[in-house]
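First up is the structure itself, then whatever we jot down about it.
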Amino acid sequence: MCNLANIHGTHGINDATSSGSGSGSGTIPATARALIPTHPACADALALAKASLPASILYHSFRVYLYAQAFIRQDPASQSIVIGAPAPAPGHVDKAYPHVLFVACILHDVGTSSTHGDAIPERFEVVGADVAARLLRSHGISDGEVRDAWLAISLHTSPGIAERLGGTVRALRLAVRADFGSYPPPPADQIPGGADTLVNLIRWQLPRLEIEKDLGDAVVRQALLKPQKAPAASWPGDLVRAHEEDPKWNGVNKAF
């Protein structure tokens, strides 16, 4: 069984880390596009993400979608026993609609973009959730499905909460953690496309670039413009404090 942990090095960084700064538009290869649900909302979400995000965050978002597909197929109760994941909350829902899962994953960090987030004082997670909700509603998606996407994006940096929920919310949170190395990646053969295709995508066609630096810097940049975006007890707040403690630091944010 091929495990994605063998693809990543420490903290999820793979051989493509030195490929560039992560700025500029990214290209999603045909092998990856073939894994996208055919719902028109997915095409619009991908176009929006490509127009709004630097390559590093775009590729991260697509990797998250690949991981989330595997997590949505896993039984939360069995996983909590096997690898110590929190037990699912009472009444959790394990299902996720494929188009909703894709939209939530590909747009989960779109709130960090200048286009969508700079002028709005709310946290980037909430901004992204609102963007995704508007897009899904424009395609006539039901309120329940829209709510799943909104909760998944708005809670994806909330440890101990999103993991307890099911469906799209849990899958997105665990997939984000897996891409940054704080949760065991799913077996590659559980993801549509097969292990060989996935390894090729993760290692070469969706490179990490400088995702940790680019994402952390984007969150801090917005929070310095609008402090309301970084409440004290939040991940953005942690990033801002680390920046203020060492403003001349030019590496990955020390609180990332």
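Work out, step by step, the length gained on full extension between Arg134 and Trp204: first 0.36 nm times the residue separation, then minus their alpha carbon distance; give nm to one decimal.
Computed gain between Arg134 and Trp204 is 21.9 nm.
With r defined as the distance between the Cβ atoms of Thr38 and Ser114 and R0 fixed at 41 Å, what FRET efficiency is calculated, to the nearest 0.05?
0.85
Taking the Cα centre of each part, how many Å lie between the stretch 32-51 and the stretch 115-146?
The distance from the Cα centre of the stretch 32-51 to that of the stretch 115-146 comes to 16 Å.
Give the aspartates and glutamates reachable from Lys226 as a straight Cα distance under 12 Å; neighbours fewer than 8 places away on the same chain don't count.
Within the straight-line limit of under 12 Å, Lys226 reaches these aspartates and glutamates: Asp118, Glu122.
Among the aspartates and glutamates, which fall within straight-line cross-link reach of Lys95, defined as a Cα-Cα distance under 16 Å, with same-chain neighbours fewer than 8 residues apart omitted?
Within the straight-line cut-off, Lys95 pairs with Asp75, Asp143, Glu145, Asp148, Glu163.
How many nm is it between the label spots at Thr31 and Ile161, if each spot is 7 Å from the Cα in line with the beta carbon?
Going from the Thr31 label point to the Ile161 one covers 3.8 nm.
Every number here is computed from the coordinates shown, using simple stated rules; none is lab data. Everything numeric in this text was worked out from a predicted model, so none of it was measured. Glycine gets a Cβ as well: all are built from the backbone with ideal geometry, and neighbour counts include every protein chain shown.
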